[in-house]
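> Questions regarding the structure given below will be posed in turn.
The values are calculated or read from the model by the stated rules, or taken from the named source; none is laboratory data. Just so you know, these numbers come straight off a predicted model, no measurement behind them. All Cβ positions, glycine included, derive from the backbone under ideal geometry; neighbour counts span all protein chains shown.
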Amino acid sequence: MDESVEHLYETPTPEVLKKFQNFLKRVDKKTMLRQLPDLHDAAFDKINCLECARCCKSYSPRFKMPDIKRISKVMGMKETAFIDTYLTMDNDGDYVANEKPCPFLGNDNACSIYEDRPTDCQRFPYTDEDVFFKKIPITMKNAEFCPAVHDVMIALLSKG
Ligand code: SF4
Ligand code: SF4
(Lines give C-alpha, C1' and ligand atoms only; values in the text may rest on other atoms or scores of the structure.)
(Ligands and ions follow the chains in the order given, each with its own letter.)
Protein backbone atom coordinates (compact mmCIF):
# COMPACT_ATOMS: atom_id res chain seq x y z
CA MET A 1 0.00 0.00 0.00
CA ASP A 2 1.14 3.51 -0.82
CA GLU A 3 2.43 5.13 2.40
CA SER A 4 0.63 8.35 1.58
CA VAL A 5 -2.77 6.71 2.14
CA GLU A 6 -1.97 4.67 5.26
CA HIS A 7 -3.50 7.30 7.55
CA LEU A 8 -6.85 6.89 5.77
CA TYR A 9 -7.04 3.30 7.03
CA GLU A 10 -6.93 4.50 10.64
CA THR A 11 -10.19 5.18 12.44
CA PRO A 12 -10.71 8.96 12.73
CA THR A 13 -10.62 10.28 16.28
CA PRO A 14 -13.96 10.82 18.07
CA GLU A 15 -13.26 14.58 17.95
CA VAL A 16 -12.88 14.59 14.19
CA LEU A 17 -15.95 12.41 13.74
CA LYS A 18 -17.99 14.76 15.92
CA LYS A 19 -16.75 17.77 13.95
CA PHE A 20 -17.73 16.04 10.71
CA GLN A 21 -21.16 15.08 12.02
CA ASN A 22 -21.83 18.72 12.91
CA PHE A 23 -20.49 19.79 9.53
CA LEU A 24 -22.91 17.45 7.72
CA LYS A 25 -25.84 18.86 9.67
CA ARG A 26 -25.16 22.48 8.77
CA VAL A 27 -23.55 22.27 5.32
CA ASP A 28 -25.26 23.74 2.25
CA LYS A 29 -26.57 20.59 0.58
CA LYS A 30 -26.57 21.91 -2.99
CA THR A 31 -22.96 23.06 -2.73
CA MET A 32 -21.90 19.75 -1.28
CA LEU A 33 -23.69 17.75 -3.97
CA ARG A 34 -21.71 19.70 -6.59
CA GLN A 35 -18.44 19.01 -4.76
CA LEU A 36 -18.91 15.30 -4.10
CA PRO A 37 -18.21 13.78 -7.56
CA ASP A 38 -14.72 15.34 -7.73
CA LEU A 39 -13.94 14.40 -4.12
CA HIS A 40 -15.20 10.87 -4.76
CA ASP A 41 -12.98 10.52 -7.85
CA ALA A 42 -9.98 11.96 -5.99
CA ALA A 43 -10.47 9.47 -3.14
CA PHE A 44 -10.70 6.46 -5.44
CA ASP A 45 -7.71 7.66 -7.47
CA LYS A 46 -5.72 7.18 -4.26
CA ILE A 47 -7.42 4.17 -2.73
CA ASN A 48 -7.55 0.74 -4.29
CA CYS A 49 -10.54 -1.24 -3.03
CA LEU A 50 -8.67 -4.47 -3.83
CA GLU A 51 -6.17 -3.52 -1.10
CA CYS A 52 -9.00 -2.96 1.37
CA ALA A 53 -12.30 -4.89 1.00
CA ARG A 54 -13.24 -3.89 4.53
CA CYS A 55 -16.88 -3.40 3.51
CA CYS A 56 -17.12 -6.87 1.94
CA LYS A 57 -15.36 -8.47 4.92
CA SER A 58 -17.45 -6.95 7.71
CA TYR A 59 -20.80 -5.84 6.33
CA SER A 60 -23.39 -7.20 3.96
CA PRO A 61 -25.28 -5.33 1.28
CA ARG A 62 -29.00 -5.87 0.95
CA PHE A 63 -29.80 -8.37 -1.76
CA LYS A 64 -33.01 -6.92 -3.22
CA MET A 65 -35.19 -9.11 -5.47
CA PRO A 66 -33.80 -7.58 -8.72
CA ASP A 67 -30.29 -8.37 -7.39
CA ILE A 68 -31.32 -11.91 -6.52
CA LYS A 69 -32.92 -12.47 -9.93
CA ARG A 70 -29.87 -11.10 -11.78
CA ILE A 71 -27.20 -12.90 -9.77
CA SER A 72 -28.96 -16.26 -9.55
CA LYS A 73 -29.51 -16.15 -13.33
CA VAL A 74 -25.83 -15.62 -14.13
CA MET A 75 -24.93 -18.32 -11.63
CA GLY A 76 -27.38 -20.73 -13.26
CA MET A 77 -29.26 -21.24 -9.99
CA LYS A 78 -32.93 -21.08 -9.12
CA GLU A 79 -33.70 -17.99 -7.02
CA THR A 80 -34.87 -20.14 -4.11
CA ALA A 81 -31.68 -22.19 -4.19
CA PHE A 82 -29.61 -18.99 -4.33
CA ILE A 83 -31.43 -17.59 -1.29
CA ASP A 84 -31.11 -20.86 0.63
CA THR A 85 -27.41 -21.14 -0.15
CA TYR A 86 -26.13 -17.60 0.34
CA LEU A 87 -28.66 -15.41 2.13
CA THR A 88 -30.52 -14.86 5.36
CA MET A 89 -33.15 -12.32 6.35
CA ASP A 90 -32.18 -9.54 8.75
CA ASN A 91 -34.31 -7.75 11.35
CA ASP A 92 -35.44 -5.20 8.76
CA GLY A 93 -36.80 -7.94 6.49
CA ASP A 94 -33.99 -7.55 3.95
CA TYR A 95 -32.00 -10.43 2.50
CA VAL A 96 -28.32 -10.17 3.42
CA ALA A 97 -25.34 -12.51 3.08
CA ASN A 98 -25.47 -15.42 5.51
CA GLU A 99 -21.78 -15.16 6.36
CA LYS A 100 -18.91 -12.70 6.77
CA PRO A 101 -16.80 -12.09 4.81
CA CYS A 102 -19.29 -12.00 1.94
CA PRO A 103 -19.41 -15.44 0.23
CA PHE A 104 -18.60 -13.76 -3.11
CA LEU A 105 -15.35 -12.21 -1.89
CA GLY A 106 -12.23 -13.99 -3.13
CA ASN A 107 -8.93 -14.40 -1.29
CA ASP A 108 -7.54 -11.71 -3.60
CA ASN A 109 -10.30 -9.31 -2.42
CA ALA A 110 -11.99 -9.48 -5.82
CA CYS A 111 -15.74 -9.92 -6.07
CA SER A 112 -16.68 -13.04 -8.03
CA ILE A 113 -19.97 -11.46 -9.17
CA TYR A 114 -18.58 -7.96 -9.69
CA GLU A 115 -20.44 -7.18 -12.94
CA ASP A 116 -23.73 -8.28 -11.40
CA ARG A 117 -23.13 -7.32 -7.75
CA PRO A 118 -26.01 -5.92 -5.66
CA THR A 119 -26.97 -2.30 -6.24
CA ASP A 120 -25.91 -1.52 -2.66
CA CYS A 121 -22.37 -2.65 -3.54
CA GLN A 122 -22.37 -0.56 -6.73
CA ARG A 123 -23.34 2.55 -4.78
CA PHE A 124 -21.20 2.01 -1.68
CA PRO A 125 -19.85 4.14 0.04
CA TYR A 126 -22.29 6.77 -1.35
CA THR A 127 -19.56 9.41 -1.62
CA ASP A 128 -20.94 10.71 -4.92
CA GLU A 129 -24.64 10.96 -4.08
CA ASP A 130 -27.01 12.75 -1.73
CA VAL A 131 -27.29 9.73 0.59
CA PHE A 132 -23.92 10.91 1.87
CA PHE A 133 -25.49 13.86 3.72
CA LYS A 134 -29.11 12.68 3.88
CA LYS A 135 -28.32 9.54 5.90
CA ILE A 136 -25.81 10.94 8.36
CA PRO A 137 -25.72 7.88 10.70
CA ILE A 138 -24.74 5.66 7.74
CA THR A 139 -22.04 8.09 6.59
CA MET A 140 -20.67 8.36 10.13
CA LYS A 141 -20.47 4.58 10.45
CA ASN A 142 -18.75 4.31 7.06
CA ALA A 143 -16.29 7.10 8.00
CA GLU A 144 -14.97 4.86 10.78
CA PHE A 145 -13.76 2.07 8.51
CA CYS A 146 -13.85 3.10 4.83
CA PRO A 147 -10.67 4.95 3.80
CA ALA A 148 -12.49 6.57 0.88
CA VAL A 149 -15.10 8.13 3.16
CA HIS A 150 -12.27 9.16 5.48
CA ASP A 151 -10.55 10.93 2.58
CA VAL A 152 -13.72 12.74 1.46
CA MET A 153 -14.36 13.74 5.08
CA ILE A 154 -10.89 15.31 5.40
CA ALA A 155 -11.33 17.15 2.10
CA LEU A 156 -14.72 18.54 3.09
CA LEU A 157 -13.53 19.62 6.54
CA SER A 158 -10.52 21.38 5.01
CA LYS A 159 -12.89 23.41 2.84
CA GLY A 160 -14.77 24.46 5.97
S1 SF4 B 1 -14.31 -0.01 2.63
FE2 SF4 B 1 -14.31 1.67 1.12
S3 SF4 B 1 -12.21 1.71 0.26
FE4 SF4 B 1 -12.51 -0.26 1.34
S5 SF4 B 1 -13.17 -1.67 -0.28
FE6 SF4 B 1 -15.03 -0.83 0.67
S7 SF4 B 1 -15.54 0.98 -0.61
FE8 SF4 B 1 -13.43 0.41 -1.08
S1 SF4 C 1 -21.27 -9.01 -3.54
FE2 SF4 C 1 -19.16 -8.54 -4.10
S3 SF4 C 1 -18.93 -6.30 -3.83
FE4 SF4 C 1 -20.80 -6.97 -2.70
S5 SF4 C 1 -20.13 -7.39 -0.58
FE6 SF4 C 1 -20.02 -9.33 -1.71
S7 SF4 C 1 -17.88 -9.43 -2.48
FE8 SF4 C 1 -18.29 -7.29 -1.88
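> When you go through 132, 82 one by one, which is the residue that is within 30 Å of residue 30 (Cα to Cα) and in a helix (DSSP H, G or I)? Talk me through it step by step, then tell me what you get.
Details: 82 fails: within 30 Å of residue 30 (Cα to Cα).
When all the criteria are applied, what remains is 132.
> For region 132-160, give me the residue count where each residue is surrounded by fewer than 19 Cβ atoms within 10 Å (Cβ to Cβ) and within 16 Å of ligand 2 (Cβ to nearest atom).
Selection size over region 132-160: 3.
> Here's a follow-up. Taking the condition farther than 17 Å from residue 145 by Cβ, surrounded by 15 or more Cβ atoms within 10 Å (Cβ to Cβ) and hydrophobic (A, V, I, L, M, F, W, C), does residue 8 pass? Break it down into steps so the answer makes sense when it comes.
Details: farther than 17 Å from residue 145 by Cβ: no; surrounded by 15 or more Cβ atoms within 10 Å (Cβ to Cβ): yes; hydrophobic (A, V, I, L, M, F, W, C): yes.
No, not satisfied.
> Could you please let me know if residue 91 is within 12 Å of ligand 2 (Cβ to nearest atom), outside any helix (DSSP H, G or I), surrounded by fewer than 18 Cβ atoms within 10 Å (Cβ to Cβ) and outside the structural domain of residue 8 (by TED's automatic domain parsing)? Break it down into steps so the answer makes sense when it comes.
Working: within 12 Å of ligand 2 (Cβ to nearest atom): no; outside any helix (DSSP H, G or I): yes; surrounded by fewer than 18 Cβ atoms within 10 Å (Cβ to Cβ): yes; outside the structural domain of residue 8 (by TED's automatic domain parsing): yes.
Judged against the criteria, residue 91 is not a match.
> Now for a separate question. What tally of residues in region 27-51 results from selecting those that are surrounded by 15 or more Cβ atoms within 10 Å (Cβ to Cβ), within 16 Å of ligand 2 (Cβ to nearest atom) and not in a helix (DSSP H, G or I)?
Adding up the residues that qualify gives 1.
> Return the only residue of 116, 108, 94 being charged (D, E, K, R), touching a residue at least 12 places away in the same chain (Cβ under 8 Å) and touching a helix residue (DSSP H, G or I) at 6+ places or on another chain (Cβ under 6 Å).
Just a single option satisfies the conditions, and that option is 116.
> Please enumerate the residues belonging to region 111-124 that are more than 15 Å from the chain's Cα centre (by Cα) and within 19 Å of residue 48 (Cβ to Cβ). Lay out the reasoning, then the answer.
Of all residues in region 111-124, those more than 15 Å from the chain's Cα centre (by Cα) come to 112-113, 115-116.
Selection gives 112, 115.
> Could you tell me whether residue 66 is part of a helix (DSSP H, G or I), at pLDDT 95 or above and more than 14 Å from the chain's Cα centre (by Cα)?
Taking the combined requirement at face value, the residue satisfies it.
> Please tell me if residue 77 is without any contact (Cβ under 8 Å) to a residue 24 or more places away in the chain and surrounded by 14 or more Cβ atoms within 10 Å (Cβ to Cβ). Step through it out loud before you land on a result.
Values: without any contact (Cβ under 8 Å) to a residue 24 or more places away in the chain: yes; surrounded by 14 or more Cβ atoms within 10 Å (Cβ to Cβ): yes.
It is true that residue 77 is without any contact (Cβ under 8 Å) to a residue 24 or more places away in the chain and surrounded by 14 or more Cβ atoms within 10 Å (Cβ to Cβ).
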